[in-house]
Amino acid sequence: MRTIKNLCGAILFLLLISCSNQKGFNAYSPKYDPVPTLMAGKMGVSFKQNTYNELVKLNLIKNDEFILDKREWQEICDVLQKNNKISLIRLYFVQFNQNKFGAKYSDLQSYDGKLYILLSYFDGNDKLIGDKYYGVMSVNSGTVEVSPEDFQIMYEDYKNNIKPVINQFCSTKDNTEYLKIDAIDFARQQGGIEAHDRYMPVKFKQLNFKLAEVVDPEKIALTKNKSYYIQKYGNNIGQLTTLTDAEDSSGKPIQGLNDYDMNSLCPQQCP
């Protein structure tokens, strides 16, 4: 009986995701479709061979993904729900150097000297909301709040110490400084995760931000949406980005909610 119930739940969830991707989302498609498997795989391989390999040699990176646990993910969802002025989420690449901050931010110590990501909220006029930047990924003791002044130090360290090392891998020779996600896009992904948890017995555990590198879509045999990816990626080959996987408590990617790329690469794709 439980097997039948789980099967019915799985079918309902997949139908809901499928309908969501077709009804009302067409203007945004394929943001709500996963990046094609072949392309996602090549983006990961390219990152490992180029950017990751170079940063490992220089001891500037800890790992190839950042983890947003369910607790921190829910905090972001709550912030977006409570503040309708937020229109953008920015994910800034930074370098955290503990010696510049004394005992502050000790929860980020495992990233000392290395690439990290800080999150921030902005309104439609690109004004920072909340007067803070947040370390929410791969943290063990809850969200780390970073002041604008300290954020600027970390951000400049990325631009001075890490970005020049990886500029060589991108066609623009000017690599990504931050990723922009529309708040409505994050909320739509939230809807898919919540639908999964309503219908599936194995629940959502975390959102994995896998570091990746833009590849040339012209060289990949894509069966659909090729023109979209050429427009999105064609002039930004080699840029640093992320793909997100929603992972369940068994450690498996949630079908239909993996290899998402809702990012705009900034400053290249941002005003």
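Just one residue in the set MET39, MET43, MET1 is more than 30 Å from VAL215 (Cα to Cα) and either at pLDDT below 95 or buried (at least 20 other Cβ atoms within 10 Å of the Cβ) (or both); that residue is MET1.
If you filter segment 245-271 down to residues that are on the phi > 0 side of the Ramachandran plot and either at pLDDT 90 or above or touching a Cys at 6+ places or on another chain (Cβ under 8 Å) (or both), you find that the one that is surrounded by the fewest Cβ atoms within 10 Å (Cβ to Cβ) is GLY251. Among the residues of segment 42-63, just one is aliphatic (A, V, I, L, M), closer than 17 Å to PHE93 by Cα and within 17 Å of the chain's Cα centre (by Cα), namely ILE61.
So is GLN109 part of a helix (DSSP H, G or I), of a type outside the set (A, V, I, L, M, F, W, C) and either farther than 28 Å from TYR233 by Cβ or under 16 Å from the mean Cα position of the chain (by Cα) (or both) or not? When the stated conditions are applied, GLN109 passes them. Looking across segment 199-222, the residues that are outside any strand (DSSP E or B) and buried (at least 21 other Cβ atoms within 10 Å of the Cβ) come down to VAL214, VAL215, PRO217.
Taking the condition of being without any contact (Cβ under 8 Å) to a residue 60 or more places away in the chain and under 20 Å from THR176 (Cα atoms), how many residues in segment 128-147 meet it? Summing the residues that are without any contact (Cβ under 8 Å) to a residue 60 or more places away in the chain and under 20 Å from THR176 (Cα atoms) in segment 128-147 gives 4. May I ask you to say which residue of PHE169, PHE204, PHE209 is among the aromatic types (Phe, Trp, Tyr) and farther than 25 Å from LYS232 by Cα? Step by step, each of PHE169, PHE204, PHE209 is checked, and only PHE204 is among the aromatic types (Phe, Trp, Tyr) and farther than 25 Å from LYS232 by Cα. Against the conditions (1) surrounded by fewer than 21 Cβ atoms within 10 Å (Cβ to Cβ); (2) closer than 20 Å to TYR178 by Cβ, GLN74 satisfies every one except (2). Looking only at segment 160-187, residues that are part of a helix (DSSP H, G or I), closer than 18 Å to PHE122 by Cα and of a type in the set (Phe, Trp, Tyr) come to 1 in all. As for segment 141-153, it holds no residue that is buried (at least 20 other Cβ atoms within 10 Å of the Cβ), of a type in the set (Ser, Thr, Tyr) and either at pLDDT 95 or above or in a helix (DSSP H, G or I) (or both). What pairs can you find where one residue is in segment 200-212 and under 13 Å from THR244 (Cα atoms) and in contact (Cβ under 8 Å) with a residue 12 or more places away in the chain, the other is aromatic (Phe, Trp, Tyr) and crowded, with 19+ Cβ neighbours inside 10 Å, and their Cβ atoms are less than 6 Å apart, with a gap of 6+ or different chains? Here the result reads LEU207/TRP73; PHE209/PHE66; LEU211/PHE47; ALA212/PHE47, each pair linking segment 200-212 to a residue that is aromatic (Phe, Trp, Tyr) and crowded, with 19+ Cβ neighbours inside 10 Å. Among the numbered conditions (1) over 18 Å from THR176 (Cα atoms); (2) touching a Lys or Arg at 6+ places or on another chain (Cβ under 8 Å), the only one that LEU115 does not meet is (1).
I want to confirm something. Restricting to segment 223-271 and keeping residues that are among the β-branched types (Val, Ile, Thr) and in a loop (DSSP other than H, G, I, E, B), which single residue is nearest to THR37 (Cα to Cα)? Out of the qualifying residues, it is THR223. If you go through segment 148-166 and keep only what is closer than 18 Å to ASN59 by Cβ and touching a residue at least 40 places away in the same chain (Cβ under 8 Å), you end up with MET154, ASP157, TYR158, ASN161, ILE162, LYS163, VAL165, ILE166.
One residue stands out in segment 166-198 among those that are within 17 Å of TYR116 (Cα to Cα) and more than 14 Å from the chain's Cα centre (by Cα): the one that is surrounded by the most Cβ atoms within 10 Å (Cβ to Cβ), namely ASN175.
The values are calculated or read from the model by the stated rules, or taken from the named source; none is laboratory data. Just so we're clear, the structure is a prediction, and the values are computed from it rather than from any experiment. All Cβ positions, glycine included, derive from the backbone under ideal geometry; neighbour counts span all protein chains shown.
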